[in-house]
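For reference, the structure is listed below as structure tokens.
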Amino acid sequence: MVFCILGGYVNWRLVKHPHANKIFIGIFFLFLGFAWNAHYAQNRLGNVLSIEYEGKDLLLEGRVNALPQSSLSGAKFSFEVDHASLGRQPIEAFPRQVYLSWQPAWRNHQDIPEVIPGQRWEFKVKMKRPYGSLNPYTFDFERWSFHQDFGASGSVRSGDLLLEKDIGFTEFSLAMEYQRWKLRQKIKGLLPANARYAGVISALVMGDQNAIDQEDWRVFNATGIGHLISISGLHVTMLAGFGAMIASFLWRRNSLPLFIPVGKVAAAVGFLTAFVYAWLAGFQIPAQRTMYMVGVVAFALWSGRNPRSFDIWWWALAFVLLIDPMAPYTPGFWLSFGAVAAILYAMQGSEGLLGLPTGKELEVHWRHRLTQALREACRVQAVVTIALLPFTLYWFYQVSIVSPLANAFAIPMVSYIVTPLAIAGALLPEFIGQWLLLPAHATMEYLAIALSRIANWRWAVAWSSQPIWWALVLSAVGVVLAIRPGVILESWISRLFGLALCASLFIQAAPNLSLANGEFRATVLDVGQGTAVLIETASKRLLYDTGPIQGKDNAGQRIILPYLRGRGIDHIDRMVISHSDSDHIGGAASLLQEIIFASMMGSLPSTSPLLPNLETRQVPSIPCRFGQQWSWDGVDFHIWHPHEDALFEERQSRKPNEMSCVLEVRNQTTSFWLTGDVEKQGEADITARLDQSALHGLKDKSLIFMAPHHGSKTSSSLELLSTLSPNLAFAQNGYRNRYGHPHPTVTERYRGMSIPFYQTPATGAQIWEFQSQPNPILVEPLFWREHKIRLWHRQPQ
């Protein structure tokens, strides 16, 4: 009602004061947009699980309302909750939609049943509020959950299928998800079981990228063709055009054009085709954008209007933001709209885009038209590459040098061979579809072979850090100058100047520029139930442990590598592995593939598979033993455990935790202890080594202490804590982890000794900086969870 009144007032202003209209309309829509975003946010903030239900056995009844992510290790899926109860007590205020993970129980390894959109289930689950590891430059699961309207996430303990298919006649969205599942099953069934690129075919047909192997993604991103392995605007336009062509062919018969012109019918059917396919493709932003642009063109044709190209673009942008205000937080939004805007801006006034002849040009020789088409196709590719450079570096920290070469043959092969065959094979009957999907897959195989060879060239990818804000501003000006419309040779000087401005994106501030001699920085990464700490001095870096691994997912690939890439770090002087447990060594293999390590030190058995990996890469490795020490840039490093005579054999007298490599990093003001998983016996050894001379070296220093073994009850002994007397302590552990770390008795011990105890589930990544000069104020870390504006409150641990 308020919006109607405001709208009427705007119309009145348009009549009375035409010269003041633009400012008033701008203010009006600013407030309207703010109101809509506030409503959007409030609606999602009210859909969050109450903390009192976390970790309890709940009973949920509802439906699977989206295409699941299925794999050999289980399934992850969106679940629409109709009823929730705790025991026999119904829960009134419960999130309407949650994200569930159903994995086989490790005790019996039984397979889980197929989860299908539209099924009604009753699940016994354990839930938690939306939570994810929070680090700079890494994926933010909490923001993603907010965007997807998931009020909680959890794991399925058991489930009973109540109804095989529960989809109402008017539930279009759920019906489309069911059809997407059927398409995925059809593609899997028609292709051989060992078809490596079946996931790529599914991605091209319906936008489901979950089955694509990570190695394949590495190749696609390194060659700059990742944009092709998804539902692009070209796919939607292709199908919309095909639908319009069929409608035009059928409507021309008899006297039907006398009632409605052929062009209007073709436009309407084209939009309807784009609408249905956009939903089948998962309603991704590129598909949405194209669907809305086709819709605007169809509406203009029906209403007798002739919109400009950018008018169509602006209307599509408005529709996307109206439906999804958080779309700008996704890379696809900027890449999709940015590419189209760049093409519309740069190619205006072109003589028939891609050389399509019009009017008198029909008389032009075909060779000239072909030359023109190739010339404009190359220009379009150059325009898109330059225009998306800021977005690519901001989101992915890399630029593919070989992208123009790879796209030169990948675009026609994927767009005009693989995609049409894949879509036709998926939509046509099986006896025809199989003979279309097989050549589509074979073409993709041959293409992947060529792309793999190109991706392995040493100079194929240029890595950089996330650009600084002023570099993004300069590059935006540079892009406008470099891709400006008109004849290139007539304005080549300004275009070169624009490219020079774009080059500012590659200007990297030295990662350790703020550190002087004798100073160091410690970044305690939030890796869940595991350990990973980056130590930096003025010119050196040390990585202590590499986080956990679970199946194919490891913290090295998921957290540590994106953080290092975002910082522009590609070389680490020493890797220290505290011991052989998987939550400390899990990411090492992934990091060795991407980051250069100068040396390794650790407490590893002689049979550890990491050692031959290091030998293959010619990375020298030495065992970690008490008494070892070195100095970098005025910062001292001391090893306190294990014993200097320790032997790292396959069978050891002590368990791996007690052999943990304990490292102290020390400067003039601070002593920073990294303790791995050392427990009481190892702690007793360390206490015995801390004689008066050793303690004298710690005098007048602030002591920051890592709680050993993530704060387990078998560590953080009173003797060691009393001897060291830490000023601050921290622990790296998973949120609501199954081990109960840190143990309540340990937490109480730190509290009783008045030692502030910071835990990564509550703080996110912790960034500590230690000066070389004495500071009367005790240093406090930057907590990444507090640094960012959180969408909901996190209870302290």
Unique residue being within 26 Å of Asn733 (Cβ to Cβ), outside any strand (DSSP E or B) and either open to solvent by 20 Å² or more (accessible area, probe 1.4 Å) or free of Cβ contacts under 8 Å to residues at least 24 places away in the same chain (or both) when the list is Pro95, Pro130, Pro136, Pro104: Pro104
Return yes or no: is Gly243 at pLDDT 90 or above, open to solvent by less than 30 Å² (accessible area, probe 1.4 Å) and small (Gly, Ala, Ser)? yes
Across the stretch 96-107, the tally of residues that are closer than 16 Å to Ser155 by Cβ and modelled with pLDDT under 95 stands at 7
Can Ile25 be described as exposed (fewer than 12 other Cβ atoms within 10 Å of the Cβ), at pLDDT below 85 and not in a strand (DSSP E or B)? no
Condition set in contact with a Leu (Cβ under 7 Å, 6 or more places away or on another chain) and part of a helix (DSSP H, G or I), scope the stretch 377-393, selection farthest from Tyr446 (Cα to Cα): answer is Pro390
Could you say which residue among Asp140, Asp149 is more than 23 Å from Ser590 (Cβ to Cβ) and among the acidic types (Asp, Glu)? Asp149
Any pair with Cβ under 7 angstrom, 6 or more apart, that starts in the stretch 153-181 at a residue that is surrounded by 16 or more Cβ atoms within 10 Å (Cβ to Cβ) and ends at one that is assigned to a helix (DSSP H, G or I) and among the polar types (S, T, N, Q): Ser153/Ser145
Can you go through Ser580, Ser621, Ser603, Ser631 and tell me which one is among the polar types (S, T, N, Q) and open to solvent by less than 40 Å² (accessible area, probe 1.4 Å)? Ser603
Select from the stretch 32-46 the residues that are surrounded by 12 or more Cβ atoms within 10 Å (Cβ to Cβ) and closer than 17 Å to Ala318 by Cβ and write down the one among them that is modelled with the lowest pLDDT. Gly33
Is it true that Ile212 is open to solvent by 70 Å² or more (accessible area, probe 1.4 Å), aliphatic (A, V, I, L, M) and modelled with pLDDT of 85 or more? no
Give all pairs with beta carbons closer than 9 Å in which a residue from the stretch 245-267 that is free of Cβ contacts under 8 Å to residues at least 40 places away in the same chain meets a residue that is part of a loop (DSSP other than H, G, I, E, B) and of a type in the set (D, E, K, R); count only pairs at least 6 apart in sequence or on separate chains. Val262/Arg252
For the stretch 144-165, state whether one or more residues are under 30 Å from Ile468 (Cβ atoms) and either part of a strand (DSSP E or B) or touching a helix residue (DSSP H, G or I) at 6+ places or on another chain (Cβ under 7 Å) (or both). yes
Considering (1) without any contact (Cβ under 8 Å) to a residue 12 or more places away in the chain; (2) farther than 28 Å from Trp334 by Cβ; (3) open to solvent by less than 40 Å² (accessible area, probe 1.4 Å), say which one Gly226 fails and leave the rest. (2)
By residue number, the members of the stretch 47-92 that are assigned to a helix (DSSP H, G or I) and open to solvent by 70 Å² or more (accessible area, probe 1.4 Å) are Ile51, Glu52
Name the single residue that is modelled with the highest pLDDT among those in the stretch 184-204 being in a loop (DSSP other than H, G, I, E, B) and aliphatic (A, V, I, L, M). Leu191
Please find, among Arg484, Arg521, Arg541, the residue that is of a type in the set (D, E, K, R) and buried (at least 20 other Cβ atoms within 10 Å of the Cβ). Arg541
In the stretch 711-736, anything farther than 22 Å from Thr670 by Cα, open to solvent by less than 30 Å² (accessible area, probe 1.4 Å) and under 29 Å from the mean Cα position of the chain (by Cα) is listed as Asn733, Gly734, Tyr735
Taking the criterion of being among the small types (Gly, Ala, Ser), more than 27 Å from the chain's Cα centre (by Cα) and under 28 Å from Leu501 (Cα atoms), would at least one residue in the stretch 369-392 satisfy it? yes
Does Arg495 satisfy being charged (D, E, K, R), over 25 Å from Tyr563 (Cβ atoms), surrounded by 19 or more Cβ atoms within 10 Å (Cβ to Cβ) and touching a helix residue (DSSP H, G or I) at 6+ places or on another chain (Cβ under 9 Å)? yes
Six or more apart or on different chains, Cβ atoms under 6 Å: show the pairs whose first residue is in the stretch 373-395 and without any contact (Cβ under 8 Å) to a residue 40 or more places away in the chain and of a type in the set (D, E, K, R) and whose second is open to solvent by 40 Å² or more (accessible area, probe 1.4 Å) and in a helix (DSSP H, G or I). Glu376/Leu354
Among the strands (runs of 3 or more DSSP E) confined wholly to the stretch 567-624, which include 2 or more residues that are modelled with pLDDT of 95 or more and out of contact with any Phe, Trp or Tyr (no Cβ under 6 Å at 6 or more places or on another chain)? 574-577, 600-602
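The values are calculated or read from the model by the stated rules, or taken from the named source; none is laboratory data. Predicted model, so just to flag it, every value in this text is computed and none were measured. Note that each Cβ is placed from the backbone with ideal geometry, even for glycine, and that neighbours are counted across all protein chains shown. Accessible surface is based on the protein model in full, side chains and every heavy atom, while ligands, DNA and RNA are left aside. Shrake-Rupley method; radii C 1.70, N 1.55, O 1.52, S 1.80 Å.
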